[in-house]
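Notes to accompany the following structure.
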Amino acid sequence: MAFFLETLLGGLMAGMLYSLVALGFVLIFKASGVFNFAQGAMVLFAALAMARFSEWLPQWLGFDNLLLANVLAFLIAGILMFGIAWLVERLVLRHLVNQDGATLLMATLGITYFIDGLGQSLFGSDIYQINIGMPKEPVFLLDSVFEGGLMVNLEDVYAAIIAASLVILLTIFFNKTITGRALRAVADDHQAAQSVGIPLNHIWVVVWCVAGLVALVAGMIWGSKMGVQFSLSTVALRALPVIILGGLTSVPGAIIGGLIIGVGEKLSEVFLGGYVGGGIEIWFAYMLALVVLMFRPQGLFGEKIIDRV
Amino acid sequence: MFYRENGQFKTNYKADQQIFAITQDRWAVLALIAFAFIGVPMMVDEYLFRAILIPFLILALAAVGLNILVGYCGQLSLGSGAFMAIGAYGAYNFIMRIEGMPLILALLLGGVCATIAGIVFGIPSLRVRGLYLAVATLAAQFFWDWAFLRIGWFTIYTPSGSVAVSNLQVFGWTINSPVEKYWFCLGFLTVFALLAKNLVRSAIGRNWMAIRDMDVAAAVIGIQPLYAKLSAFAVSSFIIGVAGGLWGFVHLGGWEPAAFDIQRSFQLLFMVIIGGMGSIMGSMFGAAFIVALPIFLNQALPVVGSWVGVTISTAGIAHAEFMIFGALIVWFLIVEPHGLARLWSIGKQKMRIWPFPH
């Protein structure tokens, strides 16, 4: 029982991180109808920038304060992500308005290659560390209920807290601020939004900036857990089942979908993987999403797809 | 002036329905095929065969297959790498397990294996479409990547799924030198491209295009989505499977599952989109572009670097290649979102009305 609960908790923590990446996908898809494959590359780029600047800044400026270095590196990485968002809108999206989904998808794949190459030629391609002072040692909970207690990684708990607070912040941003409302208006209907005077291009820059910020936070947490390296960009592929499970257009869907996938992956790997040779978690998530799609084609929380001839 | 169909009157249905209805087209295609079979082997050296021409032919075949699904039937698929893998491993199993199995038959049977898998993984297309479907087909990619790595039976229990074939023979003719490999692949591409060209203008091809343009409307006028979509998946994965078999047997010789990973799927989709959706000729243009571009960049970058007085390290070249490749793709999509096939048809139209502008 304790083992089951541990696996479950581990799954929930992993799921929280998946939802962070998935959130970036959903934000951009909602606002511009672009399925942004480059989200994974953005996570990698942000994490690389963060890792390298937190290492370089103390050397250049000659101070020795971990917190200050991290905060400064975070700010610089954030500014870089804003720059990328602006460039993507300026140079790519603006020219591809009204193209069909497949073309836009391929364009974001092109952006993926570009950002991957750029990130690695600017920041190098070794494995780097992000140290944001998260505790590494595990703690044991509920000693009285189970023998030996539940082993929980404190790092995971902090990561989950950061992810959850980011989600809450985003929800407030979407529902309470003027820009947030404009974003939702654009997501609903481009033309109607434009006709009441919402500048589309401006909104797209904002939404890519927000997605860049989400990528930065995701990259920071993943990076401090597993080190920053090229394989971080494949995190996007792990997050894809999450969004089709939850629905491409739903923010809560991304979060709940992430949790379901996270738990499903861990439980399947631990309890089924042994029978078939292991390593099943990557396709199991896709199969899970596929089964859901067969019954709900728009995902669990997506808007209902209405066909008109 | 030279490219005009004036005066070419069709007097019977057979002449009206042939693949290339314009005489000039017919001669041009014949000349092209003859040139590819006879002219090219006389002109190029071994490196060019190995590095560019053979990969180009095989990937063009796969791109033709994928174009049937994506360009003609409108079902976005990111699982084509997996179907190539199934074709390759299927053919491998047939040739190793059955004594005296002819090579061509094994490749075709590998294609049949891919067809079956394609139909199974095409079933979600009946419920979901567009980007949801693209992600759903990734399930095929990851599942088969895993299956060939972990399930020993598929790879006849070779460690980590790496297998090798040798001594390729067709009717006593041993395929050894690059030129022979080139001929073999070219034969496959010619036959399958002509078949595909014929198929997409038949009733079934028109059904696919109706589904692509608006599947609800197509269903209303009496086209069965089930039959049309699954048949597109079947035909497309058969061709992709055969291409996969060729890739493993002829181009690589020995391979492991990583040869058919998700990057291969992306690469094929790039070929289809850059070449032009819904065009057989376009698939070949796309394949040529995507195969040649990295090699060109790889050769050109150090030269350009030395002009401006910079020596670029190997890793630097790899990264710069990535960046330029990505940027070129994006640039290309912006200037010609309908692909190289569109340029081709514009060129044909211009020739037809030359010397007048309209």
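Couple of notes before you dig in:
- Restricting B:I104, B:I54 to those that are touching a Pro at 6+ places or on another chain (Cβ under 8 Å), touching a residue at least 40 places away in the same chain (Cβ under 8 Å) and under 15 Å from B:L189 (Cβ atoms) reduces the list to B:I54.
- The range A:74-93, residues that are in contact (Cβ under 8 Å) with a residue 40 or more places away in the chain and β-branched (V, I, T): A:I84, A:V88
- The helices (runs of 4 or more DSSP H) falling completely within the range B:1-117 that include 1 or more residues that are over 16 Å from the mean Cα position of the chain (by Cα) and surrounded by 21 or more Cβ atoms within 10 Å (Cβ to Cβ) map to B:80-97.
- Residues being surrounded by 21 or more Cβ atoms within 10 Å (Cβ to Cβ), of a type in the set (G, A, S) and at the interface with another protein chain (Cβ under 7 Å from one of its Cβ atoms) - total across the range A:105-125: 3
- Subset tally (residues that are within 18 Å of A:W208 (Cβ to Cβ) and assigned to a helix (DSSP H, G or I)) for the range A:169-180: 6
- Considered as a group, the residues in the range A:239-265 that are surrounded by 23 or more Cβ atoms within 10 Å (Cβ to Cβ) and not aliphatic (A, V, I, L, M) include one that is nearest to the chain's Cα centre (by Cα), and that residue is A:G258.
- Filter result for the condition that a residue is hydrophobic (A, V, I, L, M, F, W, C) and free of Cβ contacts under 8 Å to residues at least 12 places away in the same chain, over A:V71, A:V26: A:V71
- Comparison of A:N98, A:N65 shows that the only residue that is of a type in the set (S, T, N, Q) and within 14 Å of chain B (Cβ to nearest Cβ) is A:N98.
- Where a residue in the range B:212-229 is surrounded by fewer than 17 Cβ atoms within 10 Å (Cβ to Cβ) and its partner, wherever it lies, is aliphatic (A, V, I, L, M) and not in a helix (DSSP H, G or I), with Cβ under 6 Å and at least six apart: B:V216/A:V309; B:A217/A:V309
- One residue from A:A73, A:A41, A:A14 being within 12 Å of chain B (Cβ to nearest Cβ) and closer than 29 Å to A:V157 by Cα: A:A41
- Of all residues in the range B:185-213, those satisfying the criterion of being farther than 30 Å from B:L252 by Cα, in a helix (DSSP H, G or I) and out of contact with any Gly (no Cβ under 7 Å at 6 or more places or on another chain) are B:N198, B:V200, B:A203, B:I204, B:G205, B:R206, B:N207, B:W208, B:M209, B:A210, B:D213.
- Conditions (1) closer than 20 Å to B:L109 by Cα; (2) touching a Leu at 6+ places or on another chain (Cβ under 6 Å): number failed by B:A139: (1)
- Selection count where residues are more than 30 Å from B:Y132 (Cβ to Cβ), exposed (fewer than 14 other Cβ atoms within 10 Å of the Cβ) and not small (G, A, S), scope the range A:72-104: 2
- Among the residues listed as B:F285, B:F356, B:F296, the single one being away from chain A (no Cβ under 11 Å), at pLDDT 80 or above and outside any helix (DSSP H, G or I): B:F356
- If the condition is being surrounded by 15 or more Cβ atoms within 10 Å (Cβ to Cβ), among the β-branched types (V, I, T) and within 7 Å of chain B (Cβ to nearest Cβ), then the range A:278-309 contributes A:I280, A:I282.
- Identity of the residue in the range B:299-336, farther than 24 Å from A:V88 by Cβ, surrounded by 14 or more Cβ atoms within 10 Å (Cβ to Cβ) and within 28 Å of the chain's Cα centre (by Cα), that ends up farthest from the other protein chains (Cβ to nearest Cβ): B:L301
- The range A:213-231 residues that are in contact (Cβ under 8 Å) with a residue 40 or more places away in the chain, paired with ones that are of a type in the set (S, T, Y) (beta carbon under 6 Å, 6 or more apart): A:V228/A:Y128
- Against the list (1) surrounded by fewer than 22 Cβ atoms within 10 Å (Cβ to Cβ); (2) within 14 Å of another protein chain (Cβ to nearest Cβ), the condition B:V135 fails is (1).
- Residue in the range A:255-277 that is within 11 Å of chain B (Cβ to nearest Cβ), assigned to a helix (DSSP H, G or I) and farther than 17 Å from B:A134 by Cα present: yes
- Any chance A:A69 is among the small types (G, A, S), modelled with pLDDT of 90 or more and either assigned to a helix (DSSP H, G or I) or surrounded by fewer than 24 Cβ atoms within 10 Å (Cβ to Cβ) (or both): no
- So A:V43, is it β-branched (V, I, T) and either over 19 Å from A:A239 (Cβ atoms) or modelled with pLDDT under 85 (or both): no
- Complete set of residues in the range B:224-270 that are more than 25 Å from A:G101 (Cβ to Cβ) and not in a helix (DSSP H, G or I): B:G253, B:G254, B:W255, B:E256
The values are calculated or read from the model by the stated rules, or taken from the named source; none is laboratory data. Because the structure is a prediction, the values reported are computed rather than measured. All Cβ positions, glycine included, derive from the backbone under ideal geometry; neighbour counts span all protein chains shown.
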